[in-house]
């Protein structure tokens with residue numbers, strides 16, 4: 001029961017209170033780049049959930065069984081980058097062969113996420129918070145869900161901004177950045193919101 | 001010293017292992033792609049306009065290889081693309097008739113029944129009671145939704161009415177898809193005789209809202225020797241299988257709305273009456 005509550009707290013934290021994009025400001029590049037249309041934003045979000053879950057599991061194992069036992073914790077960043085990049089490449093090849101339909105859906109987004117800082121961030125945060133394996137995977141999945149929530153919300157706002165009648169100087173990116181700022185501000189409302 | 005050695009060793013070994021695994025994986029999981037696919041994609045214009053009915057040039061090329069689609073559906077590439085694709089697929093080239101879009105309205109002066117100040121988009125303007133702010137039920141609204149949809153810079157709103165530049169038009173008909181009035185139609189490139197009105201109202205009503213709309217006077221019908229033009233439901237309609245482009249109907253039309261619109265890119269159709 002206790003573990004269940006811990007996992008619930010981690011999930012809520014990852015999705016709302018410490019949302020990767022809007023509170024931690026990780027993974028801003030795809031947030032601005034792939035949020036022009038809601039369907040591509042959803043595709044990107046699902047790919048991120050998938051990769052973050054996989055990366056959490058893989059980096060947790062590498063950290064626990066390799067780095068800690070050899071006393072090489074200071075190499076986490078470089079090793080995690082290597083592991084994540086190789087993993088994403090491998091998964092991409094595997095999907096192309098085994099599940100072409102999933103590859104069609106995720107294919108173009110997967111290489112984009114290879115060196116995404118949200119993915120590296122989840123791996124490092126897992127270590128920082130000294131999560132267990134299960135906790136790490138849950139944190140990865142829910143962190144991805146938080147990413148998806150933010151990017152989908154933002155893309156629907158942007159689609160509306162396209163049609164709005166605003167001063168020429170604000171058209172496009174300036175307005176998108178202001179909207180992103182306001183969205184982040186609204187997510188501040190969740191800070192201090194803890195289940196423990 | 002030992003620590004540095006460990007660090008270097010761990011990274012080197014991990015790099016080597018991952019490299020090896022990826023190398024093996026690329027062989028094991030290699031997906032065979034048809035070598036004709038890139039050649040077909042190259043033959044297509046790459047505009048991904050969707051005029052062929054597929055999601056893009058790549059999807060269309062794949063469909064051709066799978067035998068699900070015919071060669072020659074690409075309007076943008078036209079005869080050129082069809083020829084190249086036929087060569088790649090090893091079949092006889094097909095003849096493609098070039099089609100372009102035409103806006104069946106030229107009523108620059110049609111009356112407005114309401115003032116619309118919403119989003120500058122025809123689909124949005126259609127929410128104004130009836131069929132948009134224009135008093136003519138089938139007149140061009142002129143907010144340029146078709147201009148936005150066009151990927152080839154071929155349709156523009158000139159004097160409040162959308163107009164196709166037939167030379168730039170590739171016939172993908174994205175404008176036709178988005179036009180909420182449904183007044184954009186495909187015509188053969190270089191067609192001389194077209195009717196630039198879509199109003200099916202009775203003549204008296206049409207006359208009230210537009211100074212060049214078709215009033216269904218039957219003059220063109222009487223003049224035609226080839227039985228190719230008929231007034232159907234108060235609007236002159238051409239049967240292109242019979243029309244020989246003699247131009248007699250254009251000469252007698254009192255509203256000057258039958259013309260060689262595709263050849264003429266300027267807007268020199270004189271409104272019958274100035275308001």
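The values are calculated or read from the model by the stated rules, or taken from the named source; none is laboratory data. Because the structure is a prediction, the values reported are computed rather than measured. Cβ: placed from backbone, ideal geometry, glycine included. Neighbour counts: every protein chain shown.
Tell me which of these residue A:40 doesn't satisfy, since it passes every other one: (1) within 14 Å of another protein chain (Cβ to nearest Cβ); (2) modelled with pLDDT of 90 or more.
Looking at each condition in turn, residue A:40 falls short on (2).
Restricted to segment B:111-143, and to residues that are surrounded by fewer than 18 Cβ atoms within 10 Å (Cβ to Cβ), within 14 Å of chain A (Cβ to nearest Cβ) and within 20 Å of residue B:199 (Cα to Cα), which residue is nearest to the chain's Cα centre (by Cα)?
B:123
To keep it simple, each residue is scored yes or no on (1) modelled with pLDDT under 80; (2) under 24 Å from residue B:175 (Cβ atoms).
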site: B:30; (1), (2): yes, no
site: B:39; (1), (2): no, no
site: B:48; (1), (2): yes, yes
site: B:67; (1), (2): no, no
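Being modelled with pLDDT of 85 or more and over 17 Å from the mean Cα position of the chain (by Cα), is that true of even one residue in segment A:98-120?
No, segment A:98-120 contains no residue that is modelled with pLDDT of 85 or more and over 17 Å from the mean Cα position of the chain (by Cα).
With respect to residue B:201, determine if the residue is assigned to a loop (DSSP other than H, G, I, E, B) and surrounded by fewer than 20 Cβ atoms within 10 Å (Cβ to Cβ).
Numbers: assigned to a loop (DSSP other than H, G, I, E, B): yes; surrounded by fewer than 20 Cβ atoms within 10 Å (Cβ to Cβ): no.
No; evaluated as a whole, the condition is false for this residue.
Out of A:28, A:10, A:46, report the one residue that is under 15 Å from the mean Cα position of the chain (by Cα) and either buried (at least 20 other Cβ atoms within 10 Å of the Cβ) or within 14 Å of another protein chain (Cβ to nearest Cβ) (or both).
Numbers: A:28 fails: either buried (at least 20 other Cβ atoms within 10 Å of the Cβ) or within 14 Å of another protein chain (Cβ to nearest Cβ) (or both); A:46 fails: either buried (at least 20 other Cβ atoms within 10 Å of the Cβ) or within 14 Å of another protein chain (Cβ to nearest Cβ) (or both).
On inspection, the qualifying residue turns out to be A:10.
How about segment A:68-84: which of its residues are facing chain B (nearest Cβ under 8 Å) and on the phi < 0 side of the Ramachandran plot?
Pass one, segment A:68-84, residues facing chain B (nearest Cβ under 8 Å): A:70-72, A:75, A:78-79, A:82-83.
Across segment A:68-84, the qualifying residues are A:70, A:72, A:75, A:78, A:79, A:82, A:83.
Right, residue B:59: without any contact (Cβ under 8 Å) to a residue 60 or more places away in the chain and either buried (at least 20 other Cβ atoms within 10 Å of the Cβ) or within 14 Å of chain A (Cβ to nearest Cβ) (or both) or not?
Values: without any contact (Cβ under 8 Å) to a residue 60 or more places away in the chain: yes; either buried (at least 20 other Cβ atoms within 10 Å of the Cβ) or within 14 Å of chain A (Cβ to nearest Cβ) (or both): yes.
So residue B:59 passes the test.
If I filter segment B:30-50 for residues that are facing chain A (nearest Cβ under 10 Å), in a helix (DSSP H, G or I) and either surrounded by 15 or more Cβ atoms within 10 Å (Cβ to Cβ) or touching a residue at least 40 places away in the same chain (Cβ under 8 Å) (or both), do I get at least one hit?
Taking every residue of segment B:30-50 in turn, none turns out to be facing chain A (nearest Cβ under 10 Å), in a helix (DSSP H, G or I) and either surrounded by 15 or more Cβ atoms within 10 Å (Cβ to Cβ) or touching a residue at least 40 places away in the same chain (Cβ under 8 Å) (or both).
Taking the condition of being out of contact with any helix residue (DSSP H, G or I) (no Cβ under 8 Å at 6 or more places or on another chain) and assigned to a helix (DSSP H, G or I), how many residues in segment B:61-81 meet it?
Initial filter on segment B:61-81 (out of contact with any helix residue (DSSP H, G or I) (no Cβ under 8 Å at 6 or more places or on another chain)): B:63, B:66-68, B:75-76, B:78-80.
From what's left, assigned to a helix (DSSP H, G or I): B:63, B:78-80.
Going through segment B:61-81 one residue at a time, the tally reaches 4.
Just one of B:12, B:25, B:7 is more than 10 Å from chain A (Cβ to nearest Cβ), modelled with pLDDT of 85 or more and either in a helix (DSSP H, G or I) or over 24 Å from residue A:97 (Cα atoms) (or both); which is it?
Working: B:25 fails: more than 10 Å from chain A (Cβ to nearest Cβ); B:7 fails: more than 10 Å from chain A (Cβ to nearest Cβ).
Within the list B:12, B:25, B:7, the selection yields B:12.
Do we find that residue A:57 is in contact with a helix residue (DSSP H, G or I) (Cβ under 8 Å, 6 or more places away or on another chain) and within 12 Å of chain B (Cβ to nearest Cβ) in this structure? Even if it seems obvious, please write down each step before you answer.
Working: in contact with a helix residue (DSSP H, G or I) (Cβ under 8 Å, 6 or more places away or on another chain): yes; within 12 Å of chain B (Cβ to nearest Cβ): no.
So residue A:57 fails the test.
Can you name the residue in segment B:98-110 that is surrounded by 15 or more Cβ atoms within 10 Å (Cβ to Cβ) and touching a helix residue (DSSP H, G or I) at 6+ places or on another chain (Cβ under 9 Å) and, of all such residues, is farthest from the other protein chains (Cβ to nearest Cβ)? Let's see the steps before the verdict.
First, pick out the residues of segment B:98-110 that are surrounded by 15 or more Cβ atoms within 10 Å (Cβ to Cβ): B:99-110.
Filter again for touching a helix residue (DSSP H, G or I) at 6+ places or on another chain (Cβ under 9 Å), leaving B:101, B:103, B:107, B:110.
Values: B:101: 24, B:103: 23, B:107: 27, B:110: 25 Å.
Among those that are surrounded by 15 or more Cβ atoms within 10 Å (Cβ to Cβ) and touching a helix residue (DSSP H, G or I) at 6+ places or on another chain (Cβ under 9 Å), it is B:107.
Only residues in segment A:161-188 that are within 14 Å of another protein chain (Cβ to nearest Cβ) count as the first member; pair them with residues that are modelled with pLDDT under 85, Cβ under 6 angstrom, at least 6 apart or cross-chain, and list the lot.
Matching pairs, first to second residue: A:163/B:119.
For segment B:159-180, how many residues meet the condition of being more than 14 Å from the chain's Cα centre (by Cα) and at pLDDT 85 or above?
Qualifying residue count for the region: 1.
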